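Scroll down for the structure; my scribbles are underneath it.
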Amino acid sequence: MANKNNLNVGMRCIKYMLVVINLMFLLTSILLITVGTTIQSIYGDFKEFLDNHFMSIPSLLVAVGFVMLVVAAFGIIGAFKESTMLTNIYACLLSLVFILEISAAIAGFVLQGQVREMLIRTMNESITAYTKYETATVAVDFMQRTLECCGVDGPGDWYGVLPETDSESGSVLVPESCCGDFEGLKCDEYFMSGCLDRMHFIIGQSAMMIATGATTVAFVQILGVMCAFMLAKTIRRTKSLRAAKRWQLHQSLGIIAGNDKPDYDDYTQLDKSVTYNAK
């Protein structure tokens, strides 16, 4: 009886631990979705300066968040129902989510190292195409106004792109988006800082946020996988012992009633009962 009680207590501890972990996963999944959509919005604002594969990482993070919502709910149901099959399926699904998060983390770390070179290339291309394509014009103006900067490394990057305002002084004409303070129709003060460092900080920090967030959640999920497999094993063992107890009670009642020989059909029934209860 003591072993049975200990077993039941152990199963309850693991079950409620799994429920608590899944509630944490529900909150974490909401956080992942929020972070993913926020970074997706930031990348969307500066999409003209980003390669296509940069846009897929925050989308992956959002997808992982939604999958985690479903998996966490599945795990809570399996824990309360004390179903070996549901708990094992939950552990396998959680392992799959773990792999996706590790993939997102690796991609985030790799992309962070590519940010600066990519921005130098795309920003220079956009400045060169400023007078040719409206999309480049809109993107560059938005970047310079939002970040309060001018050019890639400074206003001098506009030399040769736009005509000079004064041939004698050689001053370079820059877009109105480079102006920080208008005095009437004339710009009184231009932004002197380039946009590269500010863009690198925003895009690089976003990639690092994806990488660190996915890594942290992934390692926490290892605990959930371990608890799920432990719970499935404990449920299977408990149900088997319960079936064995029922068989022993049946045999005892048969002997008391005068049935000296054990009915070997009961062994077959026990085997069927154990197999059924282990599911």
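Just so you know, in region 238-265 the residues that are open to solvent by 60 Å² or more (accessible area, probe 1.4 Å) and either assigned to a loop (DSSP other than H, G, I, E, B) or of a type in the set (Asp, Glu) (or both) include one that is modelled with the highest pLDDT, and it is ALA257.
Name the residue, out of VAL64, VAL115, that is in contact with a His (Cβ under 7 Å, 6 or more places away or on another chain) and either open to solvent by 20 Å² or more (accessible area, probe 1.4 Å) or not basic (Lys, Arg) (or both). Talk me through it step by step, then tell me what you get.
Details: VAL64 fails: in contact with a His (Cβ under 7 Å, 6 or more places away or on another chain).
None of the other options fit; the residue is VAL115.
Could you tell me which residue of region 35-66 is modelled with the highest pLDDT, considering only residues that are β-branched (Val, Ile, Thr) and farther than 18 Å from ILE202 by Cβ? Of everything passing the filter in region 35-66, VAL62 is modelled with the highest pLDDT.
The values are calculated or read from the model by the stated rules, or taken from the named source; none is laboratory data. All values derive from a computational prediction rather than experimental measurement. Reconstructed Cβ throughout: ideal geometry from the backbone, glycine too, with neighbour counts over all protein chains shown. For the accessible areas, the whole protein counts, side chains as well, though only heavy atoms, and no ligand, DNA or RNA atoms are used. Shrake-Rupley method; radii C 1.70, N 1.55, O 1.52, S 1.80 Å.
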